[in-house]
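S.K.: Sharing a structure here in structure tokens format.
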Amino acid sequence: MPYAQVVVDFPQRWADQLFTYEVPPEVGPGRAVLVPFGQRQLRGFVASVSADSPTDVAVKPILEVLGEESVWPAEMIELAGWMCDLYACTLVDAFQAVVPPTVVRRLIKPPKPRKRAKNDQGLGETVAHHQLNESQCKALDAMHQPGTVLLEGVTGSGKTEVYLAAVERALARGQSAIVLVPEVSLTPQAIDRYQGRLGEQVAVLHSRLSDAERTSQWLALRRGQAHLALGTRSAIFAPLENLGLIVLDEEHDSSYKQDSAPRYHARQVAAWRARRHQCPLVLGSATPCLESFVAARSGRFTHVTMGQRAAQQSLPKVELVDLRRHRLRGRDDLSAPLLSALQTTLEAGQQSVLLYNRRGFARYLQCPDCGKVVHCPHCSISLTVHRRPPELQCHYCSHRQPILDSCRDCGSVALRECGSGTEKLFEEVQQKLPGARVLRMDRDTTGGVTGHADILRTFAHGDADILLGTQMVSKGLDFPAVTLVGVVGADQGLHVPDFRASERVSQLLIQVAGRAGRGQWPGRVLLQARDADHAVFEFVRRHDYAGFLEQEIEMRRALLYPPFARLGRLIVSGEEESAVENSARMGAAWILENYPRVLLLGPSACPLEKIQGNYRWHFLLKGKQVKELAEILRNALRQCKRSSKVRWAADIDPQSIL
């Protein structure tokens, strides 16, 4: 009788191990099974099978084999084990990441067979086949051999055409490919481009799909009906064999990092799969992250640059609007220079993009008499004022409540809305430019599977003059009629407590600037800022991202931050503040006692101290070897006293420390 090592679907760290069960001879790795587990009957995932009987324990047989086929391919089982080692996550978390639970459920209890749904999330644009220019051909040639290629091309340089050519070459050899984009908002144009060239060979995977649609697309890849997986972060787990190419477009984007367990980075998972399949990994961006830039400069990555736009257009002129001189009126968000530029662009029959990276109508509600701000009852953050519908919202826990008509502390009825967001800016643009057709694109307006596509389709067809939104509008979009980009609050992210703050702001501004001037008319960019003397703006104005990185490298080296060290973060959370603090201090003390040479920062309360009713403390570890940090975090998690009052979470290479 064979014996299976089974991952039992039980979300407790003490159960994070392989359990041995007897299985029928036909059961192999990757099958889903029902097993006895104490007094429970739980689902399990077969990780491996052997003929060797354990000598020290009595082995129970499984209760049932679930489904008619293997759920986890051999590569995904191996990948899940690697993720556990690197990210200090549980086996259950890793297995559920590599094959989504919705897919597992449908494979275990398959619905009636139905035809694969046609994907209608594109914009309906006609896709032309462009001849590659010299720099594009050079970039394509660099993608022949296994290894990582950093493709650094200015906005509009034609990186997507290079990706398409590389994908076509891989598919022509009988191989498969994965292309990732960082956000769902970028999938509509990507669908048009890839399906327009490759047709039914493309399957789309992202979080806005229904369970049935996601399963249909996943199975098309698994069964060889599609050979290109196109999607956001989780598409890196596409069940493809014989991979010939993996592409991460906008590789710098922090959206590629998962913010819940398992806290993987798609770039690292892509590198693992590329090594396993001996295929090229292409990291593309106009603003590569500093870690990739340093890796390319040191020779670990092949570095290919594309310094000119594909159609030889000039990069847009970037101007800084200093709000200390161009003061805003009252609660206005548009300065006189930006408003004038919008009017001129509208009169010319061209299009504009406005970026304001803040949702809602007002940032918070404040009593002018006692000074109290209305906060979320579950988070240490103020509630955002929304007008449609009229309510106060928390953007961290989704708490909603009616807008107050009086202060809860002093009874004053003179509550004041402070700050602004995309909702208020949308209203101001409509008031000051009554003839303009304006679209708003943020999380509040893009619900449903086709929410992003509907807005972008309207703009692409010329049925709107101004596209206004959050960071969704800042990257990857290609509209030839856009000649003006305006940024409201260009400096608002520079002073958050994060060592990557300047890098992220420079990336955001350079990316959104690149939306202008891609067609026959030159582009113009206006950045509104109060901290107009910040060094970031001069680099953005000159389109000198490499110069910014050189400056940033020296700061990171001096402070021993990535890429000159690796980081590990341990987060402790719970409803009782004292229990959380005590646990964090005990965990940090244990690490310092057992690993005295490690550099530990903290523990301290997180900058966002309370989220969803849970208080949060954390500490950071710095080290040269990521495997050592992962081992320390794993051992610390094992040593942590199990308690219903606190939860522990490990994060390797954190992208945010808020």
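S.K.: Mind counting the residues in the range 633-653 that are surrounded by 21 or more Cβ atoms within 10 Å (Cβ to Cβ) and either farther than 30 Å from His395 by Cα or over 23 Å from the mean Cα position of the chain (by Cα) (or both)?
M.R.: Result for the range 633-653: 3.
S.K.: Residue by residue through the range 6-26, note down the ones that are under 16 Å from Gly67 (Cβ atoms) and more than 37 Å from the chain's Cα centre (by Cα).
M.R.: Matches in the range 6-26: Val23, Pro24, Glu26.
S.K.: I've got another one for you. If you go through the range 442-459 one residue at a time, do you hit one that is more than 27 Å from the chain's Cα centre (by Cα), assigned to a loop (DSSP other than H, G, I, E, B) and of a type outside the set (Gly, Ala, Ser)?
M.R.: no
S.K.: I'd like the full set of residues that are open to solvent by less than 10 Å² (accessible area, probe 1.4 Å), farther than 15 Å from Leu621 by Cα and of a type outside the set (A, V, I, L, M, F, W, C), limited to the range 563-591.
M.R.: Selection gives Gly574 alone.
S.K.: Which number in (1) more than 30 Å from Thr483 (Cα to Cα); (2) assigned to a helix (DSSP H, G or I); (3) of a type in the set (A, V, I, L, M, F, W, C); (4) open to solvent by less than 20 Å² (accessible area, probe 1.4 Å) marks the one condition that Ala139 misses?
M.R.: (1)
S.K.: Moving on to the next point. What tally of residues in the range 320-356 results from selecting those that are among the charged types (D, E, K, R), surrounded by 15 or more Cβ atoms within 10 Å (Cβ to Cβ) and closer than 20 Å to His534 by Cα?
M.R.: Summing the residues that are among the charged types (D, E, K, R), surrounded by 15 or more Cβ atoms within 10 Å (Cβ to Cβ) and closer than 20 Å to His534 by Cα in the range 320-356 gives 1.
S.K.: So which of Ala261, Ala226 is free of Cβ contacts under 8 Å to residues at least 40 places away in the same chain and part of a loop (DSSP other than H, G, I, E, B)?
M.R.: Result of the check over Ala261, Ala226: Ala226.
S.K.: Taking the condition buried (at least 21 other Cβ atoms within 10 Å of the Cβ) and of a type in the set (D, E, K, R), does Arg214 pass?
M.R.: So Arg214 passes the test.
S.K.: Counting only residues that are among the polar types (S, T, N, Q) and open to solvent by 40 Å² or more (accessible area, probe 1.4 Å), which one in the range 357-384 is nearest to the chain's Cα centre (by Cα)?
M.R.: Here the residue is Asn357.
S.K.: Return yes or no: is Leu549 free of Cβ contacts under 8 Å to residues at least 60 places away in the same chain, over 30 Å from Leu346 (Cα atoms) and not charged (D, E, K, R)?
M.R.: Against the criterion (free of Cβ contacts under 8 Å to residues at least 60 places away in the same chain, over 30 Å from Leu346 (Cα atoms) and not charged (D, E, K, R)), Leu549 does not qualify.
S.K.: Restricting the search to the range 193-212, which residues are assigned to a helix (DSSP H, G or I), out of contact with any helix residue (DSSP H, G or I) (no Cβ under 7 Å at 6 or more places or on another chain) and at pLDDT below 90?
M.R.: Ala212
Residue-by-condition table, conditions (1) open to solvent by 80 Å² or more (accessible area, probe 1.4 Å); (2) in a loop (DSSP other than H, G, I, E, B); (3) of a type outside the set (Phe, Trp, Tyr); (4) more than 26 Å from Ser382 (Cα to Cα):
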| site | (1), (2), (3), (4) |
| --- | --- |
| Glu593 | yes, no, yes, yes |
| Ala605 | no, no, yes, no |
| Tyr615 | no, no, no, no |
| Phe619 | no, no, no, no |
| Gln655 | no, yes, yes, no |
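S.K.: Which of (1) part of a helix (DSSP H, G or I); (2) under 23 Å from Ser254 (Cβ atoms); (3) in contact (Cβ under 8 Å) with a residue 24 or more places away in the chain does Ala650 not meet, given it meets every other one?
M.R.: Evaluating Ala650 over (1) part of a helix (DSSP H, G or I); (2) under 23 Å from Ser254 (Cβ atoms); (3) in contact (Cβ under 8 Å) with a residue 24 or more places away in the chain leaves (1) as the failure.
S.K.: Among the residues of the range 576-599, write down those that are more than 20 Å from Ala636 (Cβ to Cβ) and in contact with a Phe, Trp or Tyr (Cβ under 7 Å, 6 or more places away or on another chain).
M.R.: Result: Glu577, single match.
S.K.: Within the range 161-192, track down each residue that is hydroxyl-bearing (Ser, Thr, Tyr) and modelled with pLDDT under 95.
M.R.: Listed by number, the residues that qualify are Ser185, Thr187.
S.K.: Going by the structure shown, is Asp442 open to solvent by 20 Å² or more (accessible area, probe 1.4 Å) and of a type in the set (Asp, Glu)?
M.R.: Criteria not met by Asp442.
S.K.: For Arg597, state whether it is more than 30 Å from Ala513 (Cα to Cα), basic (Lys, Arg) and assigned to a loop (DSSP other than H, G, I, E, B).
M.R.: yes
The values are calculated or read from the model by the stated rules, or taken from the named source; none is laboratory data. Every value quoted in this text rests on a predicted model; they were computed, and no experiment measured them. All Cβ positions, even for glycine, are placed from backbone atoms using ideal geometry, and neighbour counts span all protein chains on display. Note: accessible area is taken over every heavy atom of the protein model, side chains too, but ligands, DNA and RNA are not part of it. Shrake-Rupley method; radii C 1.70, N 1.55, O 1.52, S 1.80 Å.
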